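What follows is calculated from the coordinates using simple rules that are stated; it is not laboratory data. Note that this is a predicted model, so its numbers are computed, not measured. Counting neighbours? That spans all protein chains shown, and the Cβs are built from the backbone with ideal geometry, glycine included.
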Amino acid sequence: MSPTHPAGRAAVLSAGSWGTAAAKILADAGTDVTLHARRPEIADAINTTGRNPAYFPDIELPTTVKATTNVAAALDGADYLVLSIPAQSLRANLATWAPFIPPTTLVVSLMKGIERGTGLRASEVIAQTTGIPPQRIAVLSGPNLAREIVTEQPAAATIACPDADAAHRFQAACRTPYFRPYTSTDVIGCELGGVLKNVTALAVGIAAGMGMGANALALLTTRGLAETARLATALGADPATLVGLAGLGDLVATCSSPLSRNRTFGHHLGTGLSVDEAAAATRQTTEGVKSADAIVTLARAHSIEMPITETVAALLRGALTLDEAATALMKP
């Protein structure tokens, strides 16, 4: 690690809301951060004003956060590569970025999606695309609403990696007074908890948008957790992970907060907007929408019943009307 930065150097790709929040956490923890931005005007603004005008124009980032549009420059000498991009574009981007990843870099995924067509988790896509061994791939997941984090409201997360020492190194690189990371070796549980709660949050948002009460929202949240546990444990997750930060914790935050993209998208659907109209109103990538069908395919392949996920996926692809979806969600 760099002698001038005991916590090391991190490259954060890219400068969306969660990537920007992650860059702030790392910098506040004493890690030297290079944040990759696709648009030159965003990189220039971060370097000259210390703010990301596209996401958090009101938040001043630490002076140790530097931005660049050059991926190779961002990755040069990086101890950590923190990936925060849409899950469906991960494979194509990594095909371009892989040659620039240093041979000892720990790759940390913040992504919460399942790849369409393959059913692979982000960590699996990273391993398959780059050839990096699982011991150098970690995932971070938990109740982490980016807007709350950049305003330094208390939050926590789970860092999971098969190499416990690697998880502990990254834990030290991102521990701050307002952000408390825990460690785990259960990559499957940590990753799937983050992925599957998104579809439950869509269902909760739909119900809220239709005017359903707290009983219905609690019902969907609870049964959504049951669906998550069934599939995740079938795929090898530790059941205890799913009642921790990366499971229940993330589920509660995503289903209850208006800051949640997935809940917000679902709420728009529940008020009668079309999928395209809801996407335009939400304005940011909503991983649950992109992953719903892939999750259904994965569940069917393992003979796991996931009626909430099936219903949301059918609504998203136009196979059910809103009223039909509401009826289906309440079936015994």
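List of remarks:
- Candidates T96, V12, C174 compared by Cα position along the dipole of segment 9-185: farthest toward the positive end lies T96, with charges placed on Cβ.
- Shape of segment 131-270 from the C-alpha gyration tensor: oblate (a/c of 1.5 or more and a/b not above b/c, with a ≥ b ≥ c the square roots of its eigenvalues).
- Test item: Cα-centred dipole of the chain, Lys/Arg +1 and Asp/Glu -1 on Cβ, debye: 100
- For segment 91-101, backbone phi angles converted through the Karplus equation (6.51, -1.76, 1.60; θ = phi - 60°) give residue-by-residue couplings of 4, 5, 5, 5, 4, 7, 7, 3, x, 9, 7 Hz, Gly and Pro being listed as x.
- Neighbours of A299, meaning other residues whose beta-carbon lies under 10 angstrom from its beta-carbon, give a summed charge of -1 when Lys and Arg score +1 and Asp and Glu score -1.
- Surrounding net charge for T309, when Lys and Arg each add one and Asp and Glu each subtract one, Cβ distance under 15 Å: +4
- Additional length obtainable on full extension of the chain from T185 to K331, 0.36 nm per residue less Cα span: 48.9 nm
- Amide hydrogen neighbours beyond the local backbone of V108, cut-off 5 Å, H modeled: L81, V82, L83, A138
- Among the trypsin sites (Lys or Arg not before Pro) in segment 267-312, those located in a DSSP loop and surrounded by at most 11 other Cβ atoms within 10 Å of their own Cβ are R283.
- Stretch gain in nm, segment R317-R39, where the contour uses 0.36 nm per residue and the Cα spacing is subtracted: 96.9 nm
- Taking the average, over residues, of other Cβ atoms within 10 Å as the packing measure, peptides 310-316, 220-226 rank 310-316, 220-226 from highest down.
- Shown in residue order for segment 249-257 are the 3J(HN,Hα) couplings computed by the Karplus curve 6.51 cos²θ - 1.76 cosθ + 1.60 at θ = phi - 60°: x, 5, 4, 4, 5, 6, 7, 9, 9 Hz (x for Gly and Pro).
- Helix axis angle, 307-316 relative to the chain longest principal axis, alpha carbon, degrees: 80
- Whole-Hz Karplus values for segment 151-164 come out as 8, 6, 6, x, 8, 8, 7, 10, 9, 10, 7, x, 8, 4 Hz, taken residue by residue from phi with 6.51 cos²θ - 1.76 cosθ + 1.60 and θ = phi - 60°; glycine and proline positions read x.
- Computed helical MRE - 222 nm, the chain, DSSP H runs ≥ 4 contributing -39500 (n - 2.57), nearest 500: -14500 deg cm²/dmol
- Were the residues from S303 through T64 laid out at 0.36 nm apart, the gain over their Cα-Cα distance would be 81.1 nm.
- The order of the peptides 237-248, 58-69, 26-37 by mean Cβ neighbours within 10 Å, most packed first, is 26-37, 237-248, 58-69.
- Annotation: peptides 8-17, 140-149, ranked by per-residue average of other Cβ atoms within 10 Å with the highest first, follow the order 8-17, 140-149.
- Rounded FRET efficiency, nearest 0.05, which uses the C-beta distance separating T104 from T222 and R0 of 41 Å: 0.40
- Inter-probe distance in nm under a simple model that places probes 7 Å from Cα toward Cβ, at E324 and R116: 2.1
- The simple spin-label model puts a point 7 Å past each Cα toward its Cβ; for A54 and Q284 those points are separated by 1.3 nm.
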